[in-house]
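This report concerns only the one structure given below.
We did not get these values from a lab; they are worked out from the coordinates using the rules stated. Bear in mind that the values here come from a model prediction, so they are computed numbers and not experimental data. Note that we place each Cβ from the backbone using ideal geometry, even for glycine, and neighbour counts take in every protein chain shown.
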Amino acid sequence: MAPIILLIVLSSLFTPTSTQIQSNEEGFISVTISEKGLDFAKDVLIDKAISSIIPLQLLDIEKFVKIPLVGKVYMLLSNITIFHVDIASSYVNTGETGIVLVASGATANLSMSWQYSFRTWLVPIAITDDGDASVQVEGMEVGVTASLKNQEGNLKLSVLECGCHVKYISIKVNGGASWLYQ
């Protein structure tokens, strides 16, 4: 009897089989994240976000303004680059509307080029000046509230609210008649 059972077991190992399961129910995954896990993810994401965008080149800022007695003034800030960001502390909370992420005590360093020119009816030639500037931002607090929603099987992140408060900005202007503007 034992050889027959052994033969059946061995033959079943070499016999091709296929199994099909059909279900009308949709599957889902439910995840519970602890506070420590949320803090860890926050720290990793903040570090990754900073390292992936710095240095950050911003768009030029260009403006024409008409000033009484002076005339039309053209101003340009170009090559605006954020080259350093540091975040002293941050926290993350979950709420009814979504995830709240706040970074406090942040500092940032920027560099830029500046230029202006104007003409006035008093002086027939254009008066121009240009140079560069370094900017230090301190005491910055940045907050973001975002929601995560399931959109047809994909996770969609939507920013619901964001804001920034700056305590102190120091601008050092170099070049041209910058000694006059300091």
Discussion item. Multiplying the sequence separation of residue 67 and residue 151 by 0.36 nm and subtracting their Cα-Cα distance, what value in nm do you get?
Written reply: 25.1 nm
Worksheet item: By per-residue mean of other Cβ atoms within 10 Å, what is the highest-first order of 148-156, 132-140?
Response: 132-140, 148-156
Item to complete: Just tell me which lysines come within less than 24 Å, Cα to Cα, of residue 72; anything on the same chain fewer than 8 places away is out.
Response: 63
Item to complete: Rounding to the nearest 20 debye, state how big the charge dipole of region 55-181 is about its Cα centre with +1 on each Lys and Arg Cβ and -1 on each Asp and Glu Cβ.
Response: 380
Discussion item. What's the ranking of 65-71, 76-82 by average number of surrounding C-beta atoms within 10 Å, highest first?
Written reply: 76-82, 65-71
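Pairs of alpha-carbon atoms within less than 8 angstrom and 6+ residues apart define the contacts here; what relative contact order does region 55-181 have, in percent?
Taking the mean separation of contacting Cα pairs over the length of region 55-181, I get 21 percent.
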Fill in: Selected from 145, 71, 88, residue furthest toward positive end of dipole (region 55-181; charges at beta carbon)
71
Worksheet item: If you place +1 on the Cβ of every Lys and Arg and -1 on the Cβ of every Asp and Glu, how big does the dipole about the Cα centre of region 23-124 come out, in debye to the nearest 20?
Response: 920
Discussion item. Please enumerate, by chain and number, the lysines with C-alpha under 23 Å from the C-alpha of residue 42, excluding those fewer than 8 residues away in the same chain.
Written reply: 149, 156
Item to complete: Using only Cα atoms, locate the centre of region 36-71 and the centre of region 130-182, then give the distance between them in Å, rounded to an integer.
Response: 4
Discussion item. Neighbour counts of other C-beta atoms within 10 Å: give me 112, 75 arranged from fewest to most.
Written reply: 75, 112
Worksheet item: Which order, highest average first, do 98-111, 162-175 follow once you tally other Cβ atoms within 10 Å for each residue and take the mean per peptide?
Response: 98-111, 162-175
Fill in: Cα-projected label distance for residue 78 with residue 169, points at 7 Å along beta-carbon direction, nm
2.1
